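Here's the structure we're looking at; comments come further down.
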Amino acid sequence: MTSHPRDAPQFYLTAPSPCPYLPGQQERKVFTHLVGRRARDLNEILTQGGFRRSQTIAYRPACETCRACISVRVVVGDFAPSDSQRRVLKRNRDLVGQAQANRPASEQYALFRRYLDARHGDGGMVDMTVLDYAMMVEDSHVETHLVVYRKRGPDTAINGRGTGAPIAVCLTDVLSDGLSMVYSFYDPAEAERSLGTFMILDHIERARSLGLPYLYLGYWVEGSRKMQYKAKFTPQERLMPNGWARMEEA
C-alpha cells in the first residue's frame with residue numbers, strides 16, 4: 001500500500017464544459033486545494049508550472065483536444081512600454097494605486113457589479129453576490145493584497161493615497177519571483193482610459209520596484225480576441241512543453 005503525507009496535494013479533474021474562449025471547444029481543468037501550512041510554497045511551484053489561483057484553488061487547463069491556453073509572464077527587467085502604452089500611462093497620470101489588505105468593501109463590489117454587467121453579462125461570474133465577492137478577495141492562504149486605483153487628490157503627494165470612489169481594482173498575489181494578477185476590474189464608463197492595460201503597466205513597475213523578475217498575466221489564448229491584449233507586453237515568456245520560452249515581439 002502506498003501512503004501519502006496528510007498535507008500532500010491531491011489533484012482532481014473537472015468534467016468537460018463549454019470553453020469560454022474558443023467556440024466549439026470543451027474545457028477541462030486539473031485542480032488542487034491551496035490550504036494549510038504548505039499553501040504558499042505550493043502556490044509558488046504551481047504558478048511557475050502554469051497554474052492559476054482562484055481563492056483556495058489552483059487550477060490549469062487539461063483539455064483533451066486543445067492546447068491553446070498558454071501561461072504568460074512579462075520579463076520585467078527588459079520591458080519598455082510601446083508608444084501606445086506610453087499614451088495609456090499619460091491618460092492615467094491622474095490616478096494613483098494604493099496596495100492594501102485583501103479586505104472587501106461595498107464600494108469595490110459596486111464597481112465590480114458595474115464591470116460584470118457591462119463587460120461579462122453572459123459570463124459565469126455574472127451572478128456573484130456581495131458574499132461571493134468577499135470570498136474571492138478574502139479566501140486566501142497565500143500572500144495577496146488589493147491595489148485600488150483612485151484619482152489623485154490635493155494631499156496625494158503627502159499621503160500617497162487617492163480620493164473618491166475607486167476607478168479600478170486588482171487582486172494581486174506576491175510570489176518570490178514576481179507578482180501575479182489574479183483578477184482585475186474597472187469602471188466601464190472610463191473605457192477611454194484603457195484601464196486594463198494601465199493596471200498591467202502599473203504592476204510591471206510595482207514588480208520592478210520590488211526587484212521581482214516577472215509579472216504573471218495568466219493565460220494567453222491564441223485565436224481568442226478577449227485574450228489578445230496579453231501578447232502586447234513584451235518581452236514575455238510563454239510556458240511551452242519544454243519550459244518557459246522567451247518571445248520578443250507580439
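Worth pointing out:
- Qualifying positions in the stretch 163-180 - in contact with a helix residue (DSSP H, G or I) (Cβ under 9 Å, 6 or more places away or on another chain), surrounded by fewer than 18 Cβ atoms within 10 Å (Cβ to Cβ) and in a strand (DSSP E or B): Thr163, Ala165
- Considering only residues in the stretch 94-132 that are farther than 28 Å from Pro20 by Cα and among the aliphatic types (A, V, I, L, M), the one that is surrounded by the fewest Cβ atoms within 10 Å (Cβ to Cβ) turns out to be Ala101.
- Considering residues of the stretch 41-93 that are of a type in the set (Ser, Thr, Tyr) and crowded, with 22+ Cβ neighbours inside 10 Å only, the residue nearest to Ala245 (Cα to Cα): Ser71
- Exactly one residue out of Gly50, Gly24 is on the phi > 0 side of the Ramachandran plot and over 23 Å from the mean Cα position of the chain (by Cα), and it is Gly24.
- Residue ranges of strands (runs of 3 or more DSSP E) in the stretch 1-102 with at least 1 members of a type in the set (A, V, I, L, M, F, W, C), under 18 Å from Glu143 (Cβ atoms) and touching a residue at least 12 places away in the same chain (Cβ under 8 Å): 57-61, 95-101
- Residue satisfying condition, being within 15 Å of the chain's Cα centre (by Cα), surrounded by fewer than 20 Cβ atoms within 10 Å (Cβ to Cβ) and not in a helix (DSSP H, G or I), within set Tyr216, Tyr229, Tyr183: Tyr183
Read the figures in this text as sums done on the coordinates, not as results from a lab. All of these numbers come straight from a predicted model, not from anything done at the bench. FYI the Cβ positions are ideal-geometry reconstructions off the backbone, even for glycines, and counts take in every protein chain you see.
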